[in-house]
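> Below: one structure in structure tokens.
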């Protein structure tokens, strides 16, 4: 398997299944209501909803960087605020996260082999290459999936 195929598969597994680390993100999110997603059971910690928006923000940022654009996220872009906590808004946030993630997986699958070793563009000059960044975004998703799994247990009372 090519590096592009391997990383695309790793990203797909993190969201949709057969991940080595355990349950994929969208399996963890099954049954989470808008109220549960917006809940803050741990003081000064992000909610499930905020974490989902954060994951989508970084999937988008990484996808943008893959096109050669040096992109840095503002604090508000990094953890977008949740302003509407309705069930409809939660479903829209989940659909957005899935769509952005699928766009990233598709872009990774098509990424040229010779580009993996190239330096990621950055305003101050990134200190890592595309391979490092793309493996990192998969690790980022697994890390936050673990946080979401714990928050789900807390808000569900189990």
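> Would you give the gap between the C-alpha center of the range 7-83 and the C-alpha center of the range 91-118, rounded to a whole Å?
Here the two parts' Cα centres lie 13 Å apart.
> Related question: Using only Cα atoms, find the angle between the long axis of helix 3-16 and the longest principal axis of the chain, and express it within 0 to 90 degrees, rounded to the nearest 10.
Tilt relative to the chain: about 0 degrees.
> Could I ask something else about it? Please determine, in degrees from 0 to 90 and to the nearest 10, the orientation of helix 130-156 with respect to the longest principal axis defined by the Cα atoms of the chain, where the helix direction is its Cα long axis.
10 degrees
> Could you give the spread of the C-alpha atoms of the range 1-54 along their three principal axes, from largest to smallest, in whole angstroms?
Between the extreme Cα coordinates on each principal axis of the range 1-54 lie 43, 22, 16 Å.
> log10 I(q)/I(0), Debye, Cα-only the range 35-82, no solvent, q = 0.17, 0.22 Å⁻¹?
Summing over Cα pairs of the range 35-82 leads to -0.53, -0.75.
> Go ahead and estimate [θ] at 222 nm for the chain from helices alone: -39,500 (n - 2.57) per DSSP H run with n ≥ 4, summed, over the residue count, rounded to 500.
On the way: 7 runs with 96 residues, N = 158.
Result for the chain, helices only: -19500 deg cm²/dmol.
> Using only Cα atoms and rounding to the nearest 10 degrees, what angle (0 to 90) does helix 87-109 make with the longest principal axis of the chain?
20 degrees
> Plugging the Kirkwood radius over Cα pairs into Stokes-Einstein for the chain, at a temperature of 20 °C and a viscosity of 1.002 mPa s, what D comes out in µm²/s?
132 µm²/s
FYI, it's all coordinate maths here, none of it is from the lab. Note that the coordinates shown come from a computational prediction; the quantities given were computed from them, not determined experimentally.
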